[in-house]
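The values are calculated or read from the model by the stated rules, or taken from the named source; none is laboratory data. The shown structure was predicted, so the numbers you read here are calculated from the model rather than taken from an experiment. Positions of Cβ are generated from backbone atoms using ideal geometry, with glycine treated the same way; all protein chains shown enter the neighbour counts.
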């Protein structure tokens, strides 16, 4: 274990996040929230102090392997979340533990909230809350790679372990350039959404916070009603951009460089769009009798599916009060999640494709045992080791889900509450579809042990299991393993 490299990168991340605290500070200044300025200045000192303590000078040996990469990713997300909770405490909005819950929910782009009176919170704090979504969406470490040059290839481990999906490829040969391209596309799409929202009459503050939350597919809003009170135009803009950010960013890179045919023929992209359309049709059929017109039912269903499939979590109605059929469809949609290489959560659609095709191959092996059957993705053979990796991940996913539900039930929660809260935190969706909790209700009523389970689920879901679980393995910290 290269401890110096681990501490160096974590310390550098803390320094980088300090710079982003300027955004909520400027927001507080614009709205003359003088009481909110000191909390952010104190938090900035904590971030800077931690950064210089862990990374006073660059180590001589910055190169590391997979083990260090996993530890850096897992530990940095935990530490940044613990530090990022201080504004909630210093502003007097929550206690520290609930602040950690809110911050982990923010950075992991889950959007599950414990705030009961959102609009009473300082605007600077709500800006920080939405900004955590934007930082966590593409990944804090990916931003680090985009702005800090590295002379060795070991930093690929960081991007690989932090980026969601079964595989991460370089857009270009140099990792720094690849990370920079990803963030440029991310930033450009965020600005584009802000412009569309401004055109819909939304003020600049709400446009920026909505765009931050949409880009990170997180779902924190600055209104207690989430997106319910906005116009139909704004709701349609949110639907479009929620889906935009749930698509693999490699598709956008191919469009930028002019490879349109390759982009639109992407198997995951086409399959995901078909899945979303079929889900909207199915949910509309389930809820059409609930609304006054077909148009309203279609808008509500489209918004719900876009929000849940992208794992953004905005709401315009309490979906938890819909029929069991509609909630079951949305639960499946949340498990499937978005595309690999997007900012969305869930299993990822490419994994689902591989799992379905692997199941089909297994059936063909029974019917035609002498045949040669190979899993293909985008007409290219999907290697056996990659297929086994996807299957192994799915097994771990099911195990973590089962243990989480069991623990939540043991802590006194009903099975329905335990199941749906696990689904929405583990897949980084946010709104709970349990009829007793409600999609528009905060998670305040869960006890601290249940909240702890849900926080771990959020981190495990965002970082795709391995970085968090391996933090608890003694071998991860051994110098000789």
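How many residues, within the range 226-255, are assigned to a loop (DSSP other than H, G, I, E, B) and either within 24 Å of residue 104 (Cβ to Cβ) or under 20 Å from the mean Cα position of the chain (by Cα) (or both)?
Of the residues in that region, 6 qualify.
Within the range 351-374, does at least one residue satisfy the condition of being touching a strand residue (DSSP E or B) at 6+ places or on another chain (Cβ under 7 Å), in contact (Cβ under 8 Å) with a residue 40 or more places away in the chain and surrounded by 18 or more Cβ atoms within 10 Å (Cβ to Cβ)?
Yes.
List the residue pairs whose Cβ atoms are under 7 Å apart, where the first residue sits in the range 437-452 and is free of Cβ contacts under 8 Å to residues at least 60 places away in the same chain, the second is surrounded by 18 or more Cβ atoms within 10 Å (Cβ to Cβ) and part of a loop (DSSP other than H, G, I, E, B), and the two are 6 or more positions apart or on different chains.
Every condition considered, the pairs that remain are 450/413.
Check 80, 73, 147 and return the single one that is within 21 Å of residue 21 (Cβ to Cβ) and either at pLDDT below 90 or in contact with a strand residue (DSSP E or B) (Cβ under 8 Å, 6 or more places away or on another chain) (or both).
147
Among the candidates 5, 36, 44, single out the residue that is over 26 Å from residue 89 (Cα atoms), touching a helix residue (DSSP H, G or I) at 6+ places or on another chain (Cβ under 9 Å) and either at pLDDT 90 or above or part of a helix (DSSP H, G or I) (or both).
5
Of the numbered conditions (1) under 21 Å from the mean Cα position of the chain (by Cα); (2) modelled with pLDDT under 95, residue 385 satisfies every one except a single condition; which is it?
Single failed check for residue 385: (1).
Restricting the search to the range 300-321, which residues are farther than 23 Å from residue 345 by Cα and touching a helix residue (DSSP H, G or I) at 6+ places or on another chain (Cβ under 8 Å)?
none
Could you go through the range 399-407 and let me know if any residue there is closer than 29 Å to residue 132 by Cα, surrounded by 13 or more Cβ atoms within 10 Å (Cβ to Cβ) and over 22 Å from the mean Cα position of the chain (by Cα).
yes
Name every residue in the range 47-58 that is assigned to a loop (DSSP other than H, G, I, E, B) and crowded, with 16+ Cβ neighbours inside 10 Å, in order of residue number.
Residue satisfying the conditions is 55 alone.
Give me the helices (runs of 4 or more DSSP H) completely within the range 66-115, filtered to those with at least 2 residues that are within 23 Å of residue 313 (Cβ to Cβ) and within 16 Å of the chain's Cα centre (by Cα), ordered by residue number.
Those helices (runs of 4 or more DSSP H) span 66-84, 96-107.
Residue check, residue 311 against (1) modelled with pLDDT under 90; (2) on the phi > 0 side of the Ramachandran plot, all met but one. Which one?
Here residue 311 meets the rest and fails (1).
Identify, from the list 258, 295, the residue that is surrounded by fewer than 23 Cβ atoms within 10 Å (Cβ to Cβ), more than 24 Å from the chain's Cα centre (by Cα) and not in a helix (DSSP H, G or I).
Exactly one of 258, 295 is surrounded by fewer than 23 Cβ atoms within 10 Å (Cβ to Cβ), more than 24 Å from the chain's Cα centre (by Cα) and not in a helix (DSSP H, G or I), namely 258.
Note down all Cβ pairs under 6 Å where the first residue falls in the range 300-322 and is closer than 14 Å to residue 290 by Cα, the second is modelled with pLDDT under 95 and surrounded by 24 or more Cβ atoms within 10 Å (Cβ to Cβ), and they're at least six residues apart or on different chains.
318/439; 319/439; 320/433; 320/439
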